Amino acid sequence: MYVAPTLWFTDCILTSVPLTSRDVPIGTYILSVITHDHTFDQLRVDVLDSESSPVEVRPYIAGTPLDPPSTVLLPYPITLSAKDKFSYFSPPESFNILGMLTNPMVMMMVVGGIMMFTMPYLMENLDPGALEELKGQQSRVAGVQSAFASGDIKSGVSAIMSAGEPSKDSSESLSNARTPQKTSKGSKRAKR
Amino acid sequence: MRLLPFLLLFYTLGCWALHESDVGVVDWHKELIGVPSFASQSTAPRFTSVDGRNLILTATGNNVLAAIEEKDGSIAWRYIFDAEDRIIGFYQNGDENAVVVTLSGPGGATVRSIDVKTGEVVLEHHLHSNSEGLLVEPHQLGKDVAFDKSAQDIYSISNGHTVTRLSATTGEPVWSWASQDQTSLTVFDRLVSTPETVYAIGVSTSFASLTLHVASLSASTGQLIQSSEIHSSIHDPSTDLFTFTSAASPAVVWLEQGLVKYLPLTPDLKKKKPNTLSGEQFTSIIDVGLSSHGVLVGLNKLGSTVLKVDDDGSNLKAARALGGQDATDSFAGHAVNGSPHLARTYWSTKLEQITLELGGTDSLETTTQLPLSTEKHGKIAHFTVGVSPSGETTVFTTTTTGSIQLYKGSELQWVREEALATTTHVEFIELPERVATEGDLQRDESFAHRIGRQIVQAQDFPRYLVNFGKRFVTGSYASATSSAAASSTDGPLSRDTFGFRQIIVSATTSGVVFGIDSSNGNVIWKRSLEAVESAGVAITPIKMWTLKTVSDGVEPEIVIVAQRRTENDDSTVVYHINALNGDDLSREAPSPGVLESVSVFQGLALEAFLLDHHGKFVVLLDEAMKVHLYPNNQASRTIFSTILDKLSFPLRSRFSRQQNIKGYQISSSSDGPAQATAYPTWTLPLPQGEEIQTVLPPASRGPIASLGKVLGNRTTLYKYLNPRLFTALTVNPHRNLCGVYLVDSAKGTVVYHAEIPANHGTCDVKAALVENWLVYHYYESEFVETGNVKGTKGYRLVTVELFEGNGVDEKIQSSDMSAFVNATADLSAYEESFVFPHALSALAPTTTKFGITAKDLIVATKNGKIQSFPRRLLNPRRPHRKPTSEEAEEGLFQYDPVVYDDPKRVISHNYQVSNVQKIVTAPALLESTSLVFAFGLDMFLTRVAPSNTFDVLTILITRPMVQSKRLRERWYL
């Protein structure tokens, strides 16, 4: 019994590999193509003790159990084509301003920086009522955060629970403690 | 915003990766073929030409068939045979045939037809399976190939009894004939073909000697025409039996008790009485590759004589005498336009040069001198001569030092050092720093002398100025990816900025030691050991160490322990060499020629090791367990006597028909260290039928940067760092199992043991141990339903990490602990197995100067790649679920049974690094970077930075910083 696969590379055809009449005993085999520069799929080849279909070929994924075998049968004789050509090299790193700016870390920092300067102006343009409401919300968020950060989960949870019903004294006690700048930093931490 | 520069740094450093521009700068690759095997005509080098290209075909001792370009010595192609598929010979139907046919494997199992132009296999046919091959000695006995001149079909003899005709177009057998007597009584060894008849010529065993046996077969059907025994007495068919293959008169020639017998062959084999060459007696006959022209060379005490067949093919006659007979003479033949030419080389004492005489069968024509440096390259061991129609001679020589050279006329064209392919031991040697050239400054030098000296020194000034200017303008300093090669003006050997330029000392089995420049792979020096000089002496290096390094304040020194084998006795010898220039340091007045050995004792060394304790010296153990020291001086004896009772070492030993390991200690003797002997202390208790296959030496004690691993929850796992651990690999054919043992050499405690399935009774386990990390690779041939990687066949990589105690924060200080404390066995092993994508031929972890950098695993795969696998990937503590934040903090990520085969980590990239036997890693001066050297057949060296080059700013960072600095300087100055 012999198994003679034909190998196809992306750019050229290797002559039908002359693997002739190697007596392969009955059993289950994994056919891997060993090449230097190309990748090939692995195949499971069963050499059976049967006249009608002596060889069964199935796709095989490395590391998966051989049992149960795949239900997909591939044609025999085997024809394989290269899946990919290895690329060993990384493109040279260039000092690319655009690439640097598209880095999420840099983007976050740029947005943070812009917010730092524009926030006071935004605050000024808000009407007093809306500002008061905003401050109240922020202080509650900050309260929850600080509770969690200090490990006091219970009070953090209770702070969340009470978030729906605004209490006047808490907004008052916190409103003078926080500045808009600091709040923006706090929100950044929340994002992280 | 202040964080920005740091962020930039982080971002631009990126991941360590190979760039296309680094190829040939940070790495080099030397393709080798091995030393040509010239013992038999069927493997010896020969000239061929295809499409106007002149090539040299040769089979080599590294089991390679190679074609070398005649014009520049580059490798046109090479075909590397598997280790179990040993090449028997290569055969060509005429010098300009487009295919070369090879016969290889046990008993001549495989016939391949290879395209001479490209080296591609055109046909492959298996005459029998490898297991059916008969193993005979010499391995070429009973195998031959001949051709059908018109149809190009291939005739082969395999196993000494089967003749097969293979079709040249399909490779399928046309017919096959096996002799009736398939026992070893008759062995057919040669084939001669004519258009109608194929003659199989062999020998039959009779009472006193061997008699000639000839069978004639029909070329078209393979039917036996006649089989006949010829009354004769042949001593050794491989040296005394020859066949003439010329189509007109096939004939057999043999040497019988000094007489040359000649028998022309006819299909009916009627003539049974050979003609005897009258007059002269010969001690031996050699085939110079002209047997198809009916020419041989006979040698006797008086000289050498050409033996030539008559024009009508009826008789053999002595023609021209070739001249005096000396052991250094060698002969070659070549046919020019169908007329045979013979060449002889000899050492001309008058001219002190090697002389080549060339002539026809009847007269001497030309004499040329070959400018071969015998001091450097040794003598000519074999040569092949080619004569162009215009009369120009081309000589291809193989010297006794394994270098191959090509001469055109008397001009040397190129040299290849093929002994490098037989390297077995390698040592990296750091170079000294560059010395400022102020050496000849004298206090009382005259004015004129000083002016002269300064003018000489001023020659270097323009280069200095250019370099200074360049550095100032471009801000280009040495980077981790710049070439380490010395420029031609650098003066004596010195290291580069980061210590990438070192000397690699390579000891080979060809009896040559090389000093190789690690920056470009060039041979700096080459010294031949005694084996090259005197025939019958074989020198095999066993161990090699650096005795002194640059930091000892002297030129680095190397010591090689070798076995010296002659026909009569064996001895253990030591070579002591200056690593920078190969000078002999063992003598006061060394001879300039071959390196002379220092004989330590008679017999073979059981073990040799280097002791590093207030100075380094070598301890050798002879067969009687007696201790010998090198250098054997007062200092080493004193040091040895103070520490000898602390020494313990394992030795392989054979007792009760089982290979096992015994532990030894050295008994102190009142008569001083010269009388010290080793005595056994423990034996590894192996199960019945299990044998030691390999003992890997104890892990080299590189610097250990951290004693533990801090986990995410702020607890610590302390590394089990027992310096006495060594790895033993075993095989148990009865149970079809292989074993991996980690053993404490002082008391034989098995610290770690694993049983892995063998592949049909054989074990090919590759293992490496560094610090507390053991990694091993094997082939899983059964699909077991247990373990992490269950139900699949294939290659496995297992990593094991040993930690002290039973869990976190348990510390026993294993690295400093005495061997006799019970707690040395108090450890826990974390292990994990992975499906590995490749078969391996070697593996090694990286080493760095201080051991801070992570250790990657460097492997040589069987498809010719050197690849690195990050340690993080092979961490046995990778969780089998999504990692918790604590685990993520530690750098652990989820376990995946398949090791990712990342092409970006193939450090040998496009190079095909074939047949790597060993990988050696060495530190550079830069902590982040390790040098990786792979050898076996090819040689390959590169640099790797497993944790990125954290100690060098990349060029991308330095350049903008330097530029902005310069800009500021211009504003404010």
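Read-outs throughout are calculated quantities, based only on the coordinates presented, and are distinct from any laboratory measurement. From a predicted model like this one, the values you see are computed outputs, not experimental measurements. So basically every Cβ, Gly included, is an ideal-geometry build from the backbone, and we count neighbours across all protein chains shown.
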- Place a +1 charge on the Cβ of each Lys and Arg in region B:827-954 and a -1 charge on the Cβ of each Asp and Glu, then give the dipole magnitude about the Cα centre in debye, rounded to the nearest 20. 300 debye
- Message: What distance in nm lies between label points placed 7 Å from Cα along the C-beta direction at B:Ala178 and B:Gln413?
- Response: 4.7 nm
- Message: Please compute the Kirkwood hydrodynamic radius over region B:528-579, one decimal place, Å, based on all pairs of different Cα atoms.
- Response: 12.1 Å
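Work out how much length B:His231 to B:Phe461 would gain on full extension: take 0.36 nm times their residue separation and subtract the Cα-Cα distance, in nm to one decimal.
Values: separation 230, 0.36 × 230 = 82.80 nm, distance 8.43 nm.
That pair, B:His231 and B:Phe461, stretches by 74.4 nm at full extension.
Taking the convex hull of the alpha carbon atoms in region B:275-340, what volume per residue do you get, in Å³? Before the final figure, lay out each step's value.
Details: hull volume 5.9 nm³, N = 66.
Normalising the Cα hull of region B:275-340 by residue number yields 89 Å³.
How much length is gained if the chain between B:Phe468 and B:Asp552 is pulled fully straight, taking 0.36 nm per residue apart and subtracting their Cα-Cα distance, in nm to one decimal? Please list the in-between numbers first.
Numbers: separation 84, 0.36 × 84 = 30.24 nm, distance 3.27 nm.
Extra length available between B:Phe468 and B:Asp552 comes to 27.0 nm.
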- Item | Cα-only Debye scattering, the protein assembly as shown: base-10 log of I(q)/I(0) at q = 0.05 Å⁻¹ | -0.46
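Using the structure shown, list the pairs from B:Lys616/B:Lys646; B:Lys855/B:Lys882; B:Lys261/B:Lys317; B:Lys149/B:Lys271 with a Cα-Cα distance above 19 Å, or answer none. Kindly include the intermediate steps, with their values, before the conclusion.
Numbers: B:Lys616/B:Lys646 16 Å; B:Lys855/B:Lys882 25 Å; B:Lys261/B:Lys317 11 Å; B:Lys149/B:Lys271 25 Å.
Long pairs (Cα-Cα over 19 Å): B:Lys855/B:Lys882; B:Lys149/B:Lys271.
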- Query: On a 0 to 90 degree scale, rounded to 10, what angle separates helix B:461-474 from the longest Cα axis of chain B?
  - Reply: 60 degrees
- Query: Projected onto the charge dipole of the protein assembly as shown (+1 at Lys/Arg Cβ, -1 at Asp/Glu Cβ, origin at the Cα centre), which of B:Gly615, B:Leu166, B:Ser209 gives the Cα projection farthest towards the positive end?
  - Reply: B:Gly615
- Note on the structure: Placing one equal point scatterer on each C-alpha of region B:198-308 and summing with Debye, one gets log10 I(q)/I(0) at q = 0.15, 0.17, 0.20, 0.23 Å⁻¹ equal to -0.63, -0.81, -1.09, -1.36
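Please find the FRET efficiency linking B:Ile643 to B:Thr497, where r is the Cβ-Cβ separation and R0 is fixed at 35 Å, and quote it to the nearest 0.05. Display every interim value, and only then the final one.
On the way: r = 39 Å, r/R0 = 1.10.
It comes out at approximately 0.35.
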- Query: For all pairs of alpha-carbon atoms in chain B, what percent lies in each bin of width 10 Å, listed from the first bin to the last filled one?
  - Reply: 2, 9, 16, 20, 19, 15, 10, 5, 2, 0, 0
- Query: Near A:Lys85, which aspartates and glutamates are there with a Cα under 18 Å away, not counting those fewer than 8 places off in the same chain?
  - Reply: A:Asp11, A:Asp37, A:Asp41, B:Glu20, B:Asp901, B:Asp902
- Provide the gained length on full extension for the span B:Lys626 to B:Ala335, in nm with one decimal, where the gain is 0.36 nm per separating residue minus the Cα-Cα distance. 98.8 nm
- Count of lysine pairs in region B:687-836 with Cα atoms under 22 Å apart, counting only pairs 8 or more residues apart in sequence or on different chains? 7
- Query: What does region B:596-642 give for Rg and for Dmax, in Å, if only its C-alpha atoms count?
  - Reply: 10.7, 32
- Within straight-line cross-link reach of B:Lys71, lysines at Cα separation under 19 Å, skipping those fewer than 8 residues along the same chain: B:Lys30, B:Lys117, B:Lys408
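Output the direction-averaged projected area (hull surface divided by four) of the convex hull of the alpha-carbon atoms of region B:687-836, in nm².
Details: hull surface 38.8 nm².
So the mean shadow area of the Cα hull is 9.7 nm².
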- Item | C-alpha long axis of helix B:955-972 to longest principal axis of chain B, angle in ° | 50 degrees
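Quick one: compute the contact order of chain B, relative version, from alpha carbon pairs under 8 angstrom and 6+ residues apart, as a percent. Don't skip to the answer; put the middle values down first.
Values: 2243 pairs, mean separation 64.2, N = 973.
The value is 7 percent.
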- Only Lys, Arg (+1) and Asp, Glu (-1) charged, at Cβ; region B:687-836 dipole about Cα centre in debye: 260 debye
- Message: With angles folded into 0 to 90 degrees, how steeply does helix B:634-643 sit against the dominant principal axis of chain B? Use alpha carbons for both and round to 10.
- Response: 70 degrees
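Based only on Cα atoms, what Rg/Rh ratio does region A:56-144 have, Rh being taken as Kirkwood's radius?
On the way: Rg = 29.4 Å, Rh = 20.7 Å.
A ratio of 1.42.
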- Based on the Cβ-Cβ distance of B:Asn633 and A:Glu124, what FRET efficiency does E = 1/(1 + (r/R0)^6) give at R0 = 60 Å, to the nearest 0.05? 0.10
- Determine the principal axes of the Cα atoms in region A:102-156, then give the extent along each, sorted from largest to smallest and rounded to whole angstroms. 37, 37, 12
- Task: Could you check the simple spin-label distance between B:Arg652 and B:Tyr830, using points 7 Å along Cα→Cβ, in nm with one decimal?
- Result: 3.4 nm
- Query: About its Cα centre, what dipole magnitude does region A:27-84 give when the only charges are +1 on Lys and Arg Cβ and -1 on Asp and Glu Cβ, stated in debye to the nearest 20?
  - Reply: 140 debye
- Query: Counting each DSSP H run of 4 or more residues in the protein assembly as shown as -39500 (n - 2.57), what helix-only mean residue ellipticity at 222 nm follows after dividing by all residues, to the nearest 500 deg cm²/dmol?
  - Reply: -4000 deg cm²/dmol
- So, for the Cα atoms of region A:27-84, Rg and Dmax in Å stand at 12.0, 37
- Note on the structure: Ranking B:Ile404, B:Thr566, B:Ser586 by how far each Cα lies towards the positive end of the charge dipole of chain B (+1 on Lys and Arg Cβ, -1 on Asp and Glu Cβ), the top one is B:Ser586
- Message: Rounded, prolate or oblate, given the Cα gyration tensor of region B:698-739, with a/c below 1.5 counting as rounded?
- Response: oblate
